[in-house]
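Scroll down for the structure; my scribbles are underneath it.
The values are calculated or read from the model by the stated rules, or taken from the named source; none is laboratory data. Since the structure is predicted, the reported quantities are computational estimates derived from the model, not experimental observations. Please note: Cβ atoms are built from the backbone with ideal geometry, for glycine as well, and neighbour counts cover all protein chains shown.
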Amino acid sequence: MKKNWPVYTLGALLAAGLIAPLASGAAAPGFWLEVLIGGLMAGVLYSLVALGFALIFKASGVFNFAQGAMVLFAALSLARLSEAMPLWAAFALSALIMVVFAWLVERLVLRALVNQEGVTLLMATLGISYFLDGFGQSLWGSDIYKIDLGISKDPTIILESVFQGGILISKEDLVATVIAAALVAFLAVFFQKTATGRALRAVADDHQAAQSIGIPLNHIWVIVWSVAGVVALVAGMVWGSKLGVQFSLQQVALKALPVVILGGFTSVPGAIAGGLIIGVGEKMAEVFFGPVLVKAFDLAGGGIENWFAYMLALIFLLVRPEGLFGERHIDRV
Amino acid sequence: MKLTGKLKLLAAAAVAAGVLASVVPQGPAYAQSKAVAKEQYFPVLVYRTGAYAPNGVPFANGYVDYLKLVNARGGINGVKLVFDECETGYATDRGVECYERMKGRNGGATVFQPLSTGITFALTDKAPGDKIPLITAGYGRADTQDGMVFKWNFPLTGTYWVAADILIQHLGKKEGGLDRLKGKKIALVYHDSPYGKEPIPLLEERSKMHGFELLQIPVTAPGVEQKSAWLQVRQARPDYVLLWGWGVMNSAALKEAQATGYPRDKMYGVWWAGAEPDVKDVGEGAKGYNALALQHGAEPNSKVAKDILRDVHGKGQGTGPKEEVGQVLYMRGLTAAMFAVEGVRRAQERYGKGKVMSAEQARWGYENLALDQKKLDGLGFAGVLRPISTSCADHMGSAWARIHTWDGAKWNFTSDWLQADDQIIKPMVKASAAKYAGEKKIAPRTVADCQA
């Protein structure tokens, strides 16, 4: 219990930081709540991308740098296909494309690199990422494309009688949250209850042991990359409907990096919790802390949101190197 | 062992041959091509991929189509144009690489137009050494208007100080006088980069003059995620929002404005935030949104657009889709190419009609542009552009703009012509340029150099 004091201290500090704007009177309660909700919803979206990272890392030990490119590619496919067919058909076809992509990756890249160093695999995924970015644009074009989920984009204001100006809720973000929750529930069932899920968990625990009892490693890799591909498709669909499908979607993946660092590379709940912490943390920091910082030190200005997320992740690493929900490794030397 | 030795020898020979091949032509062949070149070379820096491609592509297509049109019209007094593209991806390092690769090609580059403030900053240091002019129509450093310090830079038709000044004037008019801006709140939502920060000094100056409160809200590039920025807007409830974005940031801003319920008709974009890609996928949600037009707006009915449809697209040589001809950024690229060509035509008046101009001679042309309305109308720009005339002291040549508004389907002009206030901008340009000259130890040009 004593060993955990840095984690508790950090938790307490974060909680204090969270309520500081409210307690100091710098923010009206309504607005504070709005920023909190906004942060949580952005966090859910980060979690969606982070999930893809965590899935592949868990099953194969590969840090898949191409997850962001996969989000972009899947979203581009969905957007362009939905111009010619109904959305559900475009979704199904895009999912199929992602499965074919997973199969190709296993065939052409991973199979040749079995038992290589982790860093070699990381570099390979970096290569896949660049290929997919360029090829996706050559194939589908580099304009801004639309995914229309048919959700109203106008804001909903609630609790107007309680807070001045009410609380702003975006329907799109709400739908995104529901979709993310459904996806997580589906993945949990898939991992816990199906034979494939059990095999995946076995591979995650120990490659060699799994192979020795007859679990086909190549097969498993195709499956896990396919699942990550479908997760990328869902993330791309949600982000794309919100922001338009465009090359910059790929950069959203960079936001997922601090999330997986914070949550732990191997943990699905970690990806969710990490996403929420980063989402809330960066919005609170940007809105309440940023202007104070600029004023106090007479800085040149500019946003702090982006580096704040990484700083938060680094602080977590100081006190819990394996991440919030990561597995603790004990190596014998 | 013997074999390896031979292989090594072979490899060494191959490397030597490669080195020679890359070095030798730079000597005599390069000089020769310069002497006999019958064609004027225009390198084209483009970004057709990456985060800014939706905006880069129509600009590039307009630029190249205009060069094709000039060739279809018989070149510049008979001198044909050659051009090729280099992809920068809007990245400064790749832009500089393109510049280095292209500057000596085809007898030497005439002029560069990077369409990126970052690349412009990098090339501003290189251009004087290579003696190649830079045209940055509507972007780049605002102080490069001062040709006494920035001999090789030409921010033709407008800088960000001009843009910011005109926007504030327009808001003043809307309120019934600049004095009515007192006590108002104006938020600048800007791309957190040199580009986005460029208007701040001018806006601060105007805020002091008229007593409005200026809120600065940065958006990290590329600007996909803007929730915190718009939450701040929602909290502060500014009377107006000025949008200084580029690429996906613009459409994302409009979507966030819609999601937070900020009225779009209170939003005013700079001229890089007022084209079709910025509003297209927002559609109805962007209705009422205003932006500056860098003189021209969407001009599908202009003569030059029709000429291109007939003489370039009609002959199957169009660069992009037909529907794009006349769109805002297409026209921006097209006018940029026109400036590049007309500078050379002007230079020919001095150095010899029907001759290929060197970059240095072309620079004189850009510094002595005299595009009056008659000339512009003759080129097909009637109703599109106003007269532009540059000089040694003024490398901008014109400081006019209009406002156009998105009606859900297309851009329509909603203001008269507005001119930036020279009395405010001139001293700021002078001071900033002098500071730059001091830092870089540049001796200001003499009157003799101006007349040379």
Take the residues in segment A:140-160 that are hydrophobic (A, V, I, L, M, F, W, C) and out of contact with any Pro (no Cβ under 7 Å at 6 or more places or on another chain); name whichever of them is farthest from the other protein chains (Cβ to nearest Cβ). A:L159
Any idea which of (1) among the small types (G, A, S); (2) more than 12 Å from chain A (Cβ to nearest Cβ); (3) at positive phi is the one B:G247 doesn't satisfy? (2)
Take the residues in segment A:208-247 that are more than 13 Å from the chain's Cα centre (by Cα), within 14 Å of chain B (Cβ to nearest Cβ) and among the small types (G, A, S), then tell me which one is nearest to B:S251 (Cα to Cα). A:G244
Residue among A:L22, A:L108, A:L40, A:L76 that alone is within 14 Å of chain B (Cβ to nearest Cβ), more than 25 Å from the chain's Cα centre (by Cα) and not in a loop (DSSP other than H, G, I, E, B): A:L22
Scanning segment B:106-135 for residues that are modelled with pLDDT under 95 and β-branched (V, I, T), the one surrounded by the fewest Cβ atoms within 10 Å (Cβ to Cβ) turns out to be B:T124
Residues of segment B:271-292 classified as surrounded by fewer than 24 Cβ atoms within 10 Å (Cβ to Cβ), within 20 Å of the chain's Cα centre (by Cα) and of a type in the set (G, A, S), total: 0
Among the listed residues B:A252, B:A257, identify the single one that is at the interface with another protein chain (Cβ under 7 Å from one of its Cβ atoms), touching a residue at least 12 places away in the same chain (Cβ under 8 Å), under 25 Å from B:L294 (Cβ atoms) and of a type in the set (A, V, I, L, M). B:A252
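Answer yes or no: is there a residue in segment A:311-328 that is aliphatic (A, V, I, L, M), modelled with pLDDT of 80 or more and crowded, with 17+ Cβ neighbours inside 10 Å.
Scanning segment A:311-328 turns up at least one residue that is aliphatic (A, V, I, L, M), modelled with pLDDT of 80 or more and crowded, with 17+ Cβ neighbours inside 10 Å.
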Flagged in segment A:105-133 as more than 15 Å from A:I56 (Cα to Cα) and among the acidic types (D, E), in numbering order, are A:E117, A:D133
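Run down B:V270, B:V328, B:V304 and say which single residue is within 28 Å of B:H395 (Cβ to Cβ), touching a residue at least 60 places away in the same chain (Cβ under 8 Å) and not assigned by TED's automatic domain parsing to the domain that holds B:T110.
Values: B:V328 fails: not assigned by TED's automatic domain parsing to the domain that holds B:T110; B:V304 fails: not assigned by TED's automatic domain parsing to the domain that holds B:T110.
Being within 28 Å of B:H395 (Cβ to Cβ), touching a residue at least 60 places away in the same chain (Cβ under 8 Å) and not assigned by TED's automatic domain parsing to the domain that holds B:T110 holds for just one of B:V270, B:V328, B:V304, which is B:V270.
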Just give me the residues in segment B:361-382 being under 19 Å from B:K38 (Cβ atoms) and within 21 Å of the chain's Cα centre (by Cα), in sequence order. B:A362, B:G365
Considering only segment B:158-169, I want to know if a residue exists there that is in the same structural domain as B:L203 (by TED's automatic domain parsing), in contact with a Lys or Arg (Cβ under 6 Å, 6 or more places away or on another chain) and buried (at least 24 other Cβ atoms within 10 Å of the Cβ). yes
Of all residues in segment A:120-160, which are under 24 Å from A:A89 (Cα atoms), in a loop (DSSP other than H, G, I, E, B) and hydrophobic (A, V, I, L, M, F, W, C)? A:I144, A:I147, A:L149, A:I151
Does A:E34 meet the test of being surrounded by fewer than 22 Cβ atoms within 10 Å (Cβ to Cβ) and either within 14 Å of chain B (Cβ to nearest Cβ) or among the charged types (D, E, K, R) (or both)? no
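Condition (residue is in a helix (DSSP H, G or I), within 11 Å of chain B (Cβ to nearest Cβ) and surrounded by 14 or more Cβ atoms within 10 Å (Cβ to Cβ)) applied to segment A:161-171: is it met by at least one residue?
yes
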Within segment A:190-202, restricting to residues that are surrounded by fewer than 11 Cβ atoms within 10 Å (Cβ to Cβ) and at pLDDT 80 or above, the one that is farthest from B:K287 (Cα to Cα) is A:A195
For segment B:182-199, which residues satisfy the criterion of being part of a helix (DSSP H, G or I) and touching a residue at least 12 places away in the same chain (Cβ under 8 Å)? B:P194, B:Y195, B:G196
Run down A:Q246, A:Q211, A:Q251 and say which single residue is touching a residue at least 12 places away in the same chain (Cβ under 8 Å) and surrounded by fewer than 24 Cβ atoms within 10 Å (Cβ to Cβ). A:Q251
For B:Q216, the lone unmet condition from (1) away from chain A (no Cβ under 14 Å); (2) assigned to a strand (DSSP E or B) is (1)
Looking at segment B:90-105, which of the residues that are of a type outside the set (S, T, Y) and not in a helix (DSSP H, G or I) is surrounded by the fewest Cβ atoms within 10 Å (Cβ to Cβ)? B:G104
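For B:A401, are the conditions met, namely being surrounded by 14 or more Cβ atoms within 10 Å (Cβ to Cβ) and either touching a Ser or Thr at 6+ places or on another chain (Cβ under 7 Å) or under 24 Å from B:T159 (Cα atoms) (or both)?
When the stated conditions are applied, B:A401 passes them.
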